[in-house]
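Working notes, structure below.
The values are calculated or read from the model by the stated rules, or taken from the named source; none is laboratory data. Being a predicted model, the structure only gives us computed values, none of them experimental. Here the Cβ positions follow ideal geometry from the backbone for every residue, glycine too, while neighbour counts run over all protein chains shown. These area figures cover heavy atoms from the full protein model, side chains too; ligands, DNA and RNA do not enter into them. Shrake-Rupley method; radii C 1.70, N 1.55, O 1.52, S 1.80 Å.
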Amino acid sequence: MSLQERDKKHLWHPLTQHKLHPNHLAITKAKGAVLYDANGKEYIDGIASWYTCMYGHSNPYLIRRVSEQMQQLDHVVFAGFTHEPAIKLSEALIRILPDNQNKLFFSDNGSTSVDVAIKMALQYHFNKGEKRGKIIALEGGFHGDTFGAMSVSGLSVYNGPFEDFFIDVSRLPVPTTNNFDTVKHQLLALLSSGEVAAFIYEPLVQGASAMKMYDAALLDELLSLVKQHNVLAIADEVMTGFGKTGKYFASEHLSNQPDIICLAKSLTGGLVPMAITTCSQEVYEAFLSDDISKGFFHGHTYSANPIACTAALAGIELLQSTEIQNNITRIIKAHQAFDKRIKTHPKVATTRQLGVIYALDLNVEMDRYGDLRNKLFKFFMNNGVCLRPLGNTIYILAPYVITDGQLEKIYTVIEAALEEV
Ligand SMILES: Cc1ncc(COP(=O)(O)O)c(C=O)c1O
């Protein structure tokens, strides 16, 4: 029996309607920007496996550092104990995060980093004796699949069945120059109720919302209002973090810094799962007290796993290297050149780019999970390129180590795909 057949016996895949999509391609190897299937067929990973393996699959430097750490210390409880990988990681991360960030809290994935952020914000006000139970989020956002993260995400097939059980959330439209006055008024009305604990946003790019991009100046103005009302700003940088927008973090494009930041995905370069919620000293201090119950009683078994911390530390070293920084510049330029050649194509409605994130919307109506989207996905895979269209949006977010030749292959396959729709 093939791996694909054996898979069907016991495995339940994420985000999948198994009745409609029973087959899952078995990948047996991955190296650099390339995935290999069980027959040895190659696919360029144009989305870095959900924007995670940004330093390339099976990166030799990450592997060496992680295997050395495995020989030394595998795991230890992080309540009451500490270790060098977590300490070194904290020092390296704080150096590159926005200036006001000073403390790190560990969890396991993007969703839990958001749940931690929400709980931190709610308890911050609770500890100060204020009853603030509402979170403001942006429409169409995606923050993950745990209950807090699902509550603050936009309504969709992901979270619809659970709406009755959400925490208290108000959603604002993503600001544009056209709707800005209305959005500002809506925000002010919510803020002046005195009930809002936090405002959560994906800075500048809503990843799962088909790489929707919005203006830094508009977000900055909203953040100014949020800050004036003693509401905490939570930047979900799970997708945007670690160089993707051309800066280490998307928040660096703004002048208002968030109080709390969520990090995951490429934090560990795809080797092992880990997430971190960082916060300012001011947030942290609201939890310091002689009263034990004011502490933050949240904790996951694998908090600050030394192996994951080492992967993250080595990842930051790679991110800061001249080689990766040059690669980022090279990819940005390549996307810009591709944009010039594709944006006037009759099948292309709009294009957009921020850093190494590139997206184009087709001029064709397509359901998020519809047949045309599936046809396009199949076309890409048949042609050796792994791109997963989101509705009628095709996006590229490839590993930083992708070569010029591999990028060009992605571009030409996209051009060929346009003839298919
Ligand atoms: C912005 C953002 N936040 C949170 C998450 C959830 O992360 P995870 O899938 O690791 O739980 C995602 C996942 O795509 C994301 O893009």
(message) Suppose every Lys and Arg Cβ carries +1 and every Asp and Glu Cβ carries -1, with no other charges. What dipole size does the chain come out with about its Cα centre, to the nearest 20 debye?
(response) 840
(message) Just to be sure I understand: of the beta bridges DSSP finds with both ends in segment 197-355, what percent are antiparallel, rounded to 5?
(response) 45
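If we count every other residue with Cβ under 12 angstrom of Thr146's Cβ, Lys/Arg +1 and Asp/Glu -1, where does the sum land?
In short, -2.
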(message) Once the cut-off is 23 Å, how many percent of the Cα-Cα pairs in segment 209-336 end up in the long-distance tail?
(response) 46
(request) Could you work out the relative contact order of the chain, using alpha carbon pairs under 8 angstrom and six or more residues apart, expressed as a whole percent? (result) 22
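Report the Stokes-Einstein translational diffusion coefficient (µm² s⁻¹, integer) for segment 224-277, Rh taken as the Kirkwood radius over Cα pairs, at 25 °C with viscosity 0.890 mPa s.
Values: Rh = 11.9 Å.
Approximately 205 µm²/s, per Stokes-Einstein.
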(request) List, in order, the whole-Hz ³J(HN,Hα) value for each residue of segment 107-119 obtained from phi through the Karplus relation with A = 6.51, B = -1.76, C = 1.60 and θ = phi - 60°; use x for Gly and Pro. (result) 8, 10, 7, x, 4, 5, 5, 6, 4, 4, 4, 5, 5
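Report the antiparallel proportion of the DSSP beta bridges in segment 155-275 as a percent, rounded to a multiple of 5.
Details: 2 of 9 bridges.
Looking only at bridges with both residues in segment 155-275, the antiparallel portion is about 20 percent.
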(request) Grab the beta carbon distance between Lys375 and Ala349, set R0 = 25 Å, and tell me the FRET efficiency rounded to 0.05. (result) 0.85
(request) Return the aspartates and glutamates within reach of Lys340: Cα separation strictly under 20 angstrom, same-chain partners fewer than 8 residues apart disregarded; answer none if there are no such residues. (result) Asp361, Asp404, Glu408, Glu415, Glu419
(request) Taking just the C-alpha trace of segment 306-379, give me its Rg and Dmax in Å. (result) 17.6, 51
(message) Need one number for the chain: average projected area of the convex hull over its C-alpha atoms, nm².
(response) 21.3
(message) Using only DSSP helix segments of four residues or longer, with each worth -39500 (n - 2.57), what per-residue ellipticity at 222 nm results for the chain after dividing by its residue count and rounding to 500?
(response) -11500 deg cm²/dmol
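Provide the three semi-axes, in whole Å and in decreasing order, of the ellipsoid equivalent to segment 164-242 as defined by the square roots of 5 times the Cα gyration tensor eigenvalues. All intermediate terms of the calculation are to be shown ahead of the outcome.
Working: eigenvalues 78, 51, 33 Å².
Rounded to whole Å, the semi-axes are 20, 16, 13.
Could you sort 346-354, 144-152 so that the peptide with the highest average Cβ count within 10 Å comes first and the rest follow in order?
Numbers: 346-354: 16.0, 144-152: 22.6.
Ranked by mean Cβ neighbours within 10 Å, highest first: 144-152, 346-354.
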(request) Mind putting together the pair-distance distribution for segment 337-421? All Cα pairs, 5 Å bins, whole percent per bin, short to long. (result) 3, 15, 28, 28, 19, 7, 1
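Considering only protein heavy atoms and a 1.4 Å probe, what is the carbon-and-sulfur percentage of the accessible area of segment 64-123? Intermediate results must be reported in sequence, preceding the final value.
Working: 1590 of 3080 Å².
With neighbouring chains kept in place, the figure for segment 64-123 is 52 percent.
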(message) Test of understanding: extend the Cα→C-beta vector of Glu365 to 7 Å, then name every residue of segment 133-174 with backbone N under 20 Å from that spot.
(response) 157
(request) Find which of Thr322, Tyr400, Val385 sits farthest along the positive direction of the dipole of the chain, computed with +1 on the beta-carbon of Lys and Arg, -1 on that of Asp and Glu, about the Cα centre. (result) Val385
(message) With the cut-off at 25 Å, tell me which of the pairs Lys212/Lys244; Lys9/Lys31; Lys29/Lys343 have Cα atoms farther apart than that.
(response) Lys9/Lys31; Lys29/Lys343
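Could you sort 190-198, 71-79 so that the peptide with the highest average Cβ count within 10 Å comes first and the rest follow in order? Show your work: numbers first, answer last.
Details: 190-198: 18.3, 71-79: 12.0.
Sorting 190-198, 71-79 by mean packing, highest first, produces 190-198, 71-79.
Report the local net charge at Gln281: Lys and Arg +1, Asp and Glu -1, summed over other residues whose C-beta lies under 12 Å from its C-beta. Present the calculation step by step, with values, prior to reporting the outcome.
Values: positive: Lys103; negative: Asp99, Asp259, Glu282, Glu285.
With Lys, Arg at +1 and Asp, Glu at -1, the net is -3.
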(request) For Ile94 and Phe162, calculate 0.36 nm times their separation in residues minus their Cα-Cα distance, and state this gained length in nm to one decimal. (result) 20.9 nm
(request) For Ala217, put the label point 7 Å out on the Cα→Cβ axis and report which residues of segment 239-267 keep their amide N under 16 Å from it. (result) 253-256
(message) For the ranges 17-23, 133-139, what's the packing order if you count other beta-carbon atoms within 10 Å of each residue, average per peptide, and put the highest first?
(response) 133-139, 17-23
(message) Less than 12 Å Cβ to Cβ from His300, Lys/Arg counted +1 and Asp/Glu -1: what total charge do the surrounding residues give?
(response) -2
(message) What does DSSP give for the chain in terms of the percent of beta bridges that are antiparallel, rounded to the nearest 5?
(response) 65
